[in-house]
Amino acid sequence: MVRRADPPCTQGGEQQGRLLFTSGATEAANWALKGAASRLPPDRRRIVTLATEHACVLDSVEWLASQGFEVELMPVGADGVVDLDRFDESLDERTGLVAAMLVNNEIGVIQPIERIGRLARERGALFFCDAVQGFGRVAMPLDACDMVSLSAHKVHGPKGVGALWIRDGVAIDAFVHGGGQEGGIRSGTLSPALCVGLGETAKLLGERAVADHDHVERLWQLARTLLPDWALNGSAEARYCGNLNLRHDGVDAARLISDVRDVAFSAGSACASGSGRPSHVLAALGLTDREARSSIRLGFGRYTSEAELSTALGLIRDAAEQQLRFAA
Ligand code: PLP
């Protein structure tokens with residue numbers, strides 16, 4: 001069996017830093033980016049990130065652009081992975097902050113975070129990594145990062161809690177002002193239940209890392225076998241296998257979702273669901289609007305059984321075939 005991603009482990013775990021609780025990863029990314037940007041010297045007000053980042057990063061850097069920062073969005077290839085040579089060329093002495101995600105939430109693609117972080121830091125820029133989808137699931141090169149965001153609910157934990165890890169020596173501005181909790185830089189009373197929930201979530205991720213990895217890999221193989229004529233969006237190799245984004249010419253994903261009511265899957269990014277926003281990630285891969293509208297995203301993990309996945313994919317396949325028959 002080919003392993004597409006190493007079982008999770010943290011490289012550089014000995015690195016010293018602080019883990020500060022937040023309400024989730026959206027707050028953590030806003031805080032990291034805005035809190036670090038506001039301390040950048042005037043000659044380093046340039047931010048580089050990837051076109052496929054989550055809205056919490058893209059919208060934060062867009063806001064920073066409105067405040068006078070120069071922002072560059074790096075394109076990705078058809079496989080969803082950033083071109084490292086091009087990324088390297090884009091970094092200059094004015095670049096003060098770089099952001100890149102570990103695992104993409106729409107297509108499951110893993111970015112080469114270790115290389116990206118090292119290149120950024122070698123140029124004297126701070127590096128922020130949105131590790132939400134990869135936390136505890138794929139190798140996390142912590143020693144290449146200055147700031148890392150996490151969210152409990154994306155890895156089987158409770159909603160309403162996340163964290164920002166900040167390397168010792170990296171200073172960012174306070175985001176929420178008040179009573180001075182969380183080292184004086186994130187005020188507000190935290191929920192002990194949620195904080196313990198995040199801790200227990202992380203503990204379980206560690207304990208079940210190999211079993212989860214192998215289970216998800218088996219589900220992925222099964223899904224690929226059951227939907228053989230669907231094309232994969234994003235790299236087949238550089239990926240977390242619990243995220244499957246597929247497209248089929250002639251299929252209307254929005255209709256498929258309403259036809260298959262017993263299965264929870266999405267036609268675009270769940271993070272942007274209901275927003276009507278087209279998927280910026282699929283567009284960044286070079287997909288046409290039509291191809292994006294024929295794309296579906298399936299997520300599965302620790303608590304999905306092979307039988308459940310087979311049933312779900314059978315329903316999706318039958319409904320898609322019916323659509324194609326009617327269209328013919
Ligand atoms: N980053 C990624 C990659 C995500 O997938 C999500 C949520 O889906 C977020 C950030 C935002 O996380 P939260 O819901 O904890 O604010």
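The values are calculated or read from the model by the stated rules, or taken from the named source; none is laboratory data. Everything numeric in this text was worked out from a predicted model, so none of it was measured. Don't worry about glycine lacking a Cβ; one is built from the backbone with ideal geometry, like all the others, and counts go over all protein chains shown. Areas reflect the complete protein model, heavy atoms only, side chains present, ligands, DNA and RNA absent. Shrake-Rupley method; radii C 1.70, N 1.55, O 1.52, S 1.80 Å.
Out of all the residues in the stretch 171-229, which are in a helix (DSSP H, G or I) and hydroxyl-bearing (S, T, Y)? T201, T225, listed by residue number. Do we have any residue at all in the stretch 155-163 that's surrounded by 24 or more Cβ atoms within 10 Å (Cβ to Cβ), under 18 Å from A284 (Cβ atoms) and within 14 Å of the ligand (Cβ to nearest atom)? No, that holds for no residue. Here V132 meets each of (1) part of a helix (DSSP H, G or I); (2) within 30 Å of T288 (Cα to Cα); (3) not small (G, A, S) with one exception, condition (1).
Matching residues to (1) touching a residue at least 60 places away in the same chain (Cβ under 8 Å); (2) closer than 23 Å to G286 by Cβ; (3) in contact with a Pro (Cβ under 9 Å, 6 or more places away or on another chain):
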{"residue": "A209", "(1), (2), (3)": "yes, no, yes"}
{"residue": "L219", "(1), (2), (3)": "yes, no, no"}
{"residue": "A223", "(1), (2), (3)": "yes, no, no"}
{"residue": "Y240", "(1), (2), (3)": "yes, yes, no"}
{"residue": "D252", "(1), (2), (3)": "yes, yes, no"}
{"residue": "D262", "(1), (2), (3)": "no, no, no"}
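Here is the figure for the stretch 30-61: residues that are open to solvent by 20 Å² or more (accessible area, probe 1.4 Å), among the polar types (S, T, N, Q) and under 15 Å from the mean Cα position of the chain (by Cα) total 1. If I filter the stretch 230-243 for residues that are crowded, with 19+ Cβ neighbours inside 10 Å, hydrophobic (A, V, I, L, M, F, W, C) and outside any loop (DSSP other than H, G, I, E, B), do I get at least one hit? Among the residues of the stretch 230-243, not one is crowded, with 19+ Cβ neighbours inside 10 Å, hydrophobic (A, V, I, L, M, F, W, C) and outside any loop (DSSP other than H, G, I, E, B), which makes the answer no.
Just to be sure before I move on: is L91 open to solvent by less than 20 Å² (accessible area, probe 1.4 Å), under 28 Å from G286 (Cβ atoms), in contact with a helix residue (DSSP H, G or I) (Cβ under 8 Å, 6 or more places away or on another chain) and away from the ligand (no atom under 16 Å from the Cβ) in the structure I sent? For L91, the condition - open to solvent by less than 20 Å² (accessible area, probe 1.4 Å), under 28 Å from G286 (Cβ atoms), in contact with a helix residue (DSSP H, G or I) (Cβ under 8 Å, 6 or more places away or on another chain) and away from the ligand (no atom under 16 Å from the Cβ) - is met. Between R123, R137, R86, R115, the distinction of being of a type in the set (D, E, K, R) and within 15 Å of the ligand (Cβ to nearest atom) belongs to R137 only. For the stretch 110-129, a residue qualifies if it is outside any helix (DSSP H, G or I) and either over 19 Å from A171 (Cα atoms) or of a type in the set (A, V, I, L, M) (or both), and the qualifying residues are I110, Q111, P112, A125, L126. Being of a type in the set (D, E) and within 10 Å of the ligand (Cβ to nearest atom) holds for only one residue in D130, D143, D168, and it is D130.
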